[in-house]
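Remarks on the structure that follows.
The values are calculated or read from the model by the stated rules, or taken from the named source; none is laboratory data. Computed from a prediction, not measured in an experiment: that's the story for all the values here. Counting neighbours? That spans all protein chains shown, and the Cβs are built from the backbone with ideal geometry, glycine included.
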Amino acid sequence: MRLIHSLIVASSLCMLSFTVPAQVQSPASSKVKKITNRKSLVPTVQESILRPHLAYLSDDLLEGRGTGQRGGDLTVRYLETQAALLGLQSLFPNQAFPYRHPVQIVGSLTLPDSHIEFQSAGKTFAPQAGAHILIANSNGREQVAFEAPLLFVGYGIIAPEEGWDDYKGIDVKGKILVMMVNDPQPTAAEPKRFGGEAMTYYGRWVYKFEEASRRGAAGVLLIHTNASAAYGWNVPQASFSHERFSLAGGGNPMEGWWAEASIQSVFAEAGLNLNEMRAQAERKDFLPIPLPVQAKVRLHSQVRQVEQFNVVGVVAGTDPELKKEAVVYSAHWDHLGKVEEPGKPAQIWNGAVDNATGAAALLAMAQVAVKHPTKRSQIFLWPAAEEQGLIGSLAYVRNPAWPLAKTVADLNLDSMNFVGKTKDIGIAGSERSSLYESAQQIATKMNLKIAKSVPDLGGAYYRADHFNFARSGVPAFNVGSAVFSGDGHFEFSEHEHASEQKMKGFKTSYHTVNDRYDPSWDLSGMLQQAQFTLNLGYLIANDKQTPHWKKGDPYGLIKR
């Protein structure tokens, strides 16, 4: 294993010294011509290929593949070098680096002299930064200072298809919006509203910040509870204590989270009852509530402009017409990188499961796919900055390397099965489109059951790169993984109880320094997922019909 690892490192470092020329793609083109008239065979993904890539991408050498960090740059260089070696064709042959799709990002780190305080009825309240309240800006400004009144806007949602509008046309410019995360809860009369028990995109913090920015608010404070956010305070706390990233050209002057206990205390002193307001916000006729609380905000941020890159390559299709269309396989390459805190030694957050597994699997899939093209083209995409809010895939769909109108599906891999082979496969999210029936067909051929469906309480469908394709009108889902939520819903082929416990145990390692590669991992389940994804991609890429959204799904109404 060390020898293989060393060879990969050595070959990659050797190729770092020169620019990959566009003509390196010619071998793939010749292979397409040679087998165009053969019956297309689905190739087999090899562990001997996948494991070394996984070990290398998880290595300390890449320093956790951080956005805007040296490790991220090395990762991009490795992926584009491997893409060239594999014979993936470039979509940007005239560029110096023909596999790079640029992503312009703003990095912002909130500095210690930043603060927010509240005044009400002659009293001043200053929640402890970090412990009780988290604030930052995402508009790229180094200095932000203002005073503004608070306005409670319920869930902060405008959803025409649900007949829901928390803003009711009120001008929110110059105000700090206080709102809940998650969605309005189902009722006996409307058990399926906003997805029933599942979280919709309207419930995600990303949507809340986006909507506030669109409406010109001075700031946003999300009320945090473990139940509504689907994770503890430590998750946003970790994010806001480090550099945060956003696409250049947007963002809010101030955004953050406010712990429930702290907000309850401040509101009580102001004569407000948060629980009563939250109950009102469960109704469609809710009206925004002006609060007798004034906030004083000072944000001092260290800001930098970062150019990061998605990596993308293609296996050209063989059919004269269908090759103009493409199936996308995606897996983000980034993790949280090298984290330095005052007075502490730097720590590397390697992100072995999340998502060196998916990035490595795509390399292993591409290596065999170039030898067996399909009628439609196949795109292999490694998005950047997923951990920072799906930034790379958002930049891709806004400026796609392949027209979205000709992109028939996106199959995403994120945090794959490192425990062992299973009797089932997870296809949650595919039921929104005809991808579900296609996935069922592949599962049957592979003697796999469809994993038991569970309510998407944490909004997992909206937390991976496929979602940006979905909200751009492209049928898409995240293939196969209960690891994503850490709940371990697989039915394992061997040592079922122990395997399930191992999978569930990863929940304590998710987004921590403990997500490290272990050479003893059984990759049979990972290979199974990769093979299932490739099989499904081949079915789609060779089918006369293209995937379509199910009737009534809002993403099916989007014009590409």
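Residues that are within 25 Å of the chain's Cα centre (by Cα) and of a type outside the set (Asp, Glu) number at least 3 in the following strands (runs of 3 or more DSSP E) confined to region 76-150: 100-110, 133-136. Here is a check on your reading of the model: is Leu272 assigned to a loop (DSSP other than H, G, I, E, B) and among the hydrophobic types (A, V, I, L, M, F, W, C)? Judged against the criteria, Leu272 is a match. If you check Val454 against the conditions, is it over 30 Å from Glu307 (Cβ atoms) and in a loop (DSSP other than H, G, I, E, B)? Yes: the conditions hold for Val454. Pro547: closer than 16 Å to Glu431 by Cβ, modelled with pLDDT of 90 or more and assigned to a loop (DSSP other than H, G, I, E, B), yes or no? It is true that Pro547 is closer than 16 Å to Glu431 by Cβ, modelled with pLDDT of 90 or more and assigned to a loop (DSSP other than H, G, I, E, B).
Selection of region 504-542 for residues being over 21 Å from the mean Cα position of the chain (by Cα), part of a loop (DSSP other than H, G, I, E, B) and surrounded by fewer than 16 Cβ atoms within 10 Å (Cβ to Cβ) yields Asp518, Pro519, Ser520. Ile157 meets the stated requirement of being among the β-branched types (Val, Ile, Thr), farther than 11 Å from Pro288 by Cβ, modelled with pLDDT of 95 or more and in contact with a helix residue (DSSP H, G or I) (Cβ under 6 Å, 6 or more places away or on another chain). Taking the stated definitions as given, is Val314 buried (at least 18 other Cβ atoms within 10 Å of the Cβ), over 30 Å from Gln185 (Cα atoms), touching a residue at least 24 places away in the same chain (Cβ under 8 Å) and out of contact with any Pro (no Cβ under 8 Å at 6 or more places or on another chain)? Criteria met by Val314.
Per-residue answers, yes or no, for (1) free of Cβ contacts under 8 Å to residues at least 60 places away in the same chain; (2) of a type in the set (Ser, Thr, Tyr); (3) surrounded by fewer than 21 Cβ atoms within 10 Å (Cβ to Cβ); (4) in the same structural domain as Ala145 (by TED's automatic domain parsing):
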{"site": "Phe240", "(1), (2), (3), (4)": "no, no, yes, yes"}
{"site": "Ser246", "(1), (2), (3), (4)": "no, yes, no, yes"}
{"site": "Met254", "(1), (2), (3), (4)": "no, no, no, yes"}
{"site": "Ala259", "(1), (2), (3), (4)": "no, no, yes, yes"}
{"site": "Gln264", "(1), (2), (3), (4)": "yes, no, yes, yes"}
{"site": "Phe267", "(1), (2), (3), (4)": "yes, no, no, yes"}
{"site": "Asn273", "(1), (2), (3), (4)": "yes, no, yes, yes"}
{"site": "Ala279", "(1), (2), (3), (4)": "yes, no, yes, yes"}
